[in-house]
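Beneath this line is the structure, given in structure tokens, with notes to follow.
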């Protein structure tokens, strides 16, 4: 393996699948990435893989989190977690996947209420008091 490191990108032949998913910010921890791979929510080339399976540029990775699914192609490797903008350069999303994901998000937003009822803020309470105190 070549040990040259430039930022958090590596100039090597492969990185563990769980490390790459964590570095690409699909999951907050490597433990969550490992659990997703074991349960089949993250797949490599459409097939189940082990967390230690090496990922190379050009590989297709499928990630499902709840109702949201990504189909991405690995463009770069990283074994350390960086900023979100740097993580976005590690993969390229399939256009069909992006369209389906955005439609699912739009449907979910349309189905949810505009504002969740809960404890009122100080401003809300004052407005309610003014409304109730009017004769």
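Criterion applied to 84, 78, 88 was being loosely packed, with under 11 Cβ neighbours inside 10 Å and modelled with pLDDT of 90 or more, and the one residue passing it is 84. For segment 76-115, a tally of residues being touching a helix residue (DSSP H, G or I) at 6+ places or on another chain (Cβ under 8 Å) and more than 23 Å from residue 22 (Cα to Cα) returns 0.
For residue 8, the criteria (1) at pLDDT 95 or above; (2) touching a helix residue (DSSP H, G or I) at 6+ places or on another chain (Cβ under 8 Å); (3) more than 16 Å from residue 68 (Cα to Cα); (4) surrounded by 13 or more Cβ atoms within 10 Å (Cβ to Cβ) hold in every case but one, which is (1).
Let's see how each residue does on (1) assigned to a helix (DSSP H, G or I); (2) touching a strand residue (DSSP E or B) at 6+ places or on another chain (Cβ under 6 Å); (3) more than 22 Å from residue 105 (Cα to Cα); (4) at pLDDT below 95:
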residue: 1; (1), (2), (3), (4): no, no, yes, yes
residue: 12; (1), (2), (3), (4): no, no, yes, yes
residue: 19; (1), (2), (3), (4): yes, no, yes, no
residue: 31; (1), (2), (3), (4): yes, no, yes, no
residue: 34; (1), (2), (3), (4): yes, no, yes, no
residue: 37; (1), (2), (3), (4): yes, no, yes, no
residue: 61; (1), (2), (3), (4): no, yes, no, no
residue: 64; (1), (2), (3), (4): no, no, no, yes
residue: 69; (1), (2), (3), (4): no, no, no, yes
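Residue 101 - would you say it is touching a strand residue (DSSP E or B) at 6+ places or on another chain (Cβ under 9 Å), surrounded by 15 or more Cβ atoms within 10 Å (Cβ to Cβ) and outside any strand (DSSP E or B)? Against the criterion (touching a strand residue (DSSP E or B) at 6+ places or on another chain (Cβ under 9 Å), surrounded by 15 or more Cβ atoms within 10 Å (Cβ to Cβ) and outside any strand (DSSP E or B)), residue 101 qualifies. Does segment 42-52 contain any residue that is touching a residue at least 40 places away in the same chain (Cβ under 8 Å), part of a strand (DSSP E or B), surrounded by 16 or more Cβ atoms within 10 Å (Cβ to Cβ) and touching a strand residue (DSSP E or B) at 6+ places or on another chain (Cβ under 6 Å)? Scanning segment 42-52 turns up no residue that is touching a residue at least 40 places away in the same chain (Cβ under 8 Å), part of a strand (DSSP E or B), surrounded by 16 or more Cβ atoms within 10 Å (Cβ to Cβ) and touching a strand residue (DSSP E or B) at 6+ places or on another chain (Cβ under 6 Å). In segment 62-78, the residues that are without any contact (Cβ under 8 Å) to a residue 40 or more places away in the chain form Cβ pairs under 7 Å with partners that are part of a loop (DSSP other than H, G, I, E, B) and loosely packed, with under 13 Cβ neighbours inside 10 Å, at six or more places apart or across chains, as follows: 62/46; 73/58.
The values are calculated or read from the model by the stated rules, or taken from the named source; none is laboratory data. Every value quoted in this text rests on a predicted model; they were computed, and no experiment measured them. Using ideal geometry, Cβ is built from the backbone for each residue, glycine included, and neighbour counts are taken over all protein chains shown.
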